[in-house]
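Q: Quick one: the structure is below, and I'll ask about it shortly.
The values are calculated or read from the model by the stated rules, or taken from the named source; none is laboratory data. These figures come from a predicted structure and were not determined experimentally. Cβ: placed from backbone, ideal geometry, glycine included. Neighbour counts: every protein chain shown. All accessible areas refer to the heavy atoms of the entire protein, side chains included, with ligands and DNA or RNA removed. Shrake-Rupley method; radii C 1.70, N 1.55, O 1.52, S 1.80 Å.
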Amino acid sequence: MLARIATCDWDAIVVTQATFESMKVSNDYMENFIEEELAKIEAAIRMHSEGRSNKIVKQLARAKKSWRARLEKLNNTRKKEAVLDFEDLGVDWLMIDESHYAKNLYRFSKMER
């Protein structure tokens, strides 16, 4: 199915949520995304460590450790598979009908909880 999506000139493609979740992004994109999140967290730690908000610094340190673990896992599983990445499909626009799947995703914030 991924090869048909990439090679044909479709006006629209409708896939289920399960199919969409099975599409992988490239390792390079994922690595860049994780490094950007780590940079944001490190900047927030520096900002909050000057003040008295010790609780938020601990929460940010846990988040940083979690993102570092994801990066290590990604670096340890760098196998080149024969499957197309999402970037290779040529998708110009994406519409998601099942928005409730995104309501509890991790979102970085400089605000205290």
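Q: Please indicate, with yes or no, whether at least one residue in region 31-51 is of a type in the set (Phe, Trp, Tyr), in a helix (DSSP H, G or I) and either within 18 Å of residue 92 (Cβ to Cβ) or touching a strand residue (DSSP E or B) at 6+ places or on another chain (Cβ under 8 Å) (or both). Give the steps one after another, and end with the answer.
A: Applying the first criterion (of a type in the set (Phe, Trp, Tyr)) to region 31-51 yields 33.
Restricting the remaining residues to those that are in a helix (DSSP H, G or I) gives 33.
Add one more test, that the residue is either within 18 Å of residue 92 (Cβ to Cβ) or touching a strand residue (DSSP E or B) at 6+ places or on another chain (Cβ under 8 Å) (or both), and what stays is none.
There is no residue in region 31-51 that is of a type in the set (Phe, Trp, Tyr), in a helix (DSSP H, G or I) and either within 18 Å of residue 92 (Cβ to Cβ) or touching a strand residue (DSSP E or B) at 6+ places or on another chain (Cβ under 8 Å) (or both).
Q: Checking residue 84 against (1) within 30 Å of residue 1 (Cβ to Cβ); (2) at pLDDT 80 or above; (3) surrounded by 13 or more Cβ atoms within 10 Å (Cβ to Cβ): exactly one of these is not met. Which one?
A: Every listed condition holds for residue 84 apart from (2).
Q: Do we find a residue being touching a residue at least 12 places away in the same chain (Cβ under 8 Å), in contact with an Asp or Glu (Cβ under 9 Å, 6 or more places away or on another chain) and either more than 27 Å from residue 87 (Cα to Cα) or assigned to a loop (DSSP other than H, G, I, E, B) (or both) anywhere in region 2-15?
A: No; the residues of region 2-15 include none that is touching a residue at least 12 places away in the same chain (Cβ under 8 Å), in contact with an Asp or Glu (Cβ under 9 Å, 6 or more places away or on another chain) and either more than 27 Å from residue 87 (Cα to Cα) or assigned to a loop (DSSP other than H, G, I, E, B) (or both).
Matching residues to (1) under 19 Å from residue 107 (Cβ atoms); (2) modelled with pLDDT under 85; (3) open to solvent by less than 70 Å² (accessible area, probe 1.4 Å):
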position	(1), (2), (3)
2	no, yes, yes
6	no, yes, yes
16	no, yes, no
32	yes, no, no
66	yes, no, yes
79	no, yes, no
